[in-house]
Amino acid sequence: MSVIKADLNNIQGLKDKLVKLANAELEVGWFEGTQYNDGTPVAGVAAVQEFGSASRAIPPRPFFRPTIAEKKNEWAKKTESVLGRYIEGSLTPEQSLNVIGSMVVGDVQGKISTINSPKLSPVTIALRRLRDDGVQISGSLVGQVAQAIADGKTAKGELGDQTYSNIKPLNDTGYMLATLTYNVRT
């Protein structure tokens, strides 16, 4: 028979710790003020990529929801361990949530890095190439590129040129991946 001894003299201290932790918050994502050079909020781009946009012919490329589904059990075990250390007094609430936030960010970044489908459209590939060559992208240029591709003008040097290496979904500039972060509020 096992015997568990509990020191009930410090029950108020345990209650205080739990109340303090219950009032803490951890948020993971892209926060206000995180924008691309043109002022586009990164959170908006991430949401469009996560859920897609039928009106803009952008297919969903989910990364947050699959990461949660794949990692929730691992996160629960790690959270249990971290919170045990908090209850023992070796971590503060901030430190505890920093450990968890860092883990979640790393896992979501890992998922973003592995997304390869759906593949980018030929129009997107051609526009990336043009933009990276210094061409200003406008609505009329998008239409011209789409028409060139529809007309089969996709050979090297043509407007719909598909010979470009920057074809990875979710990682055009790397900025979305690099700016994923977390906030802790206690």
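Quick notes on this one:
- Yes/no for THR186 being open to solvent by 70 Å² or more (accessible area, probe 1.4 Å), in contact (Cβ under 8 Å) with a residue 12 or more places away in the chain and closer than 30 Å to GLU25 by Cβ: yes
- All of (1) touching a residue at least 12 places away in the same chain (Cβ under 8 Å); (2) surrounded by fewer than 14 Cβ atoms within 10 Å (Cβ to Cβ); (3) not aliphatic (A, V, I, L, M) hold for SER90 with one exception: (1).
- Residue satisfying condition, being among the basic types (Lys, Arg) and either touching a Leu at 6+ places or on another chain (Cβ under 8 Å) or open to solvent by less than 60 Å² (accessible area, probe 1.4 Å) (or both), within set ARG65, ARG85, ARG56: ARG85
Residues are listed down the side, and each one gets a yes or a no for (1) in contact with an Asp or Glu (Cβ under 9 Å, 6 or more places away or on another chain); (2) surrounded by 15 or more Cβ atoms within 10 Å (Cβ to Cβ):
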| position | (1), (2) |
| --- | --- |
| SER102 | no, no |
| VAL105 | no, yes |
| LYS111 | yes, yes |
| SER121 | no, no |
| GLY134 | no, no |
| SER140 | no, no |
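- Where a residue in segment 129-157 is within 19 Å of LYS168 (Cα to Cα) and outside any helix (DSSP H, G or I) and its partner, wherever it lies, is open to solvent by less than 40 Å² (accessible area, probe 1.4 Å) and acidic (Asp, Glu), with Cβ under 9 Å and at least six apart: THR154/ASP161
- Inclusion of GLN162 among residues that are in a loop (DSSP other than H, G, I, E, B) and surrounded by fewer than 17 Cβ atoms within 10 Å (Cβ to Cβ) is warranted.
The values are calculated or read from the model by the stated rules, or taken from the named source; none is laboratory data. All values reported here derive from a predicted model rather than from experimental measurement. Glycine also receives a Cβ, built like all others from the backbone with ideal geometry; neighbour counts cover every protein chain displayed. SASA here: full protein model, heavy atoms, side chains in, ligands and nucleic acids out. Shrake-Rupley method; radii C 1.70, N 1.55, O 1.52, S 1.80 Å.
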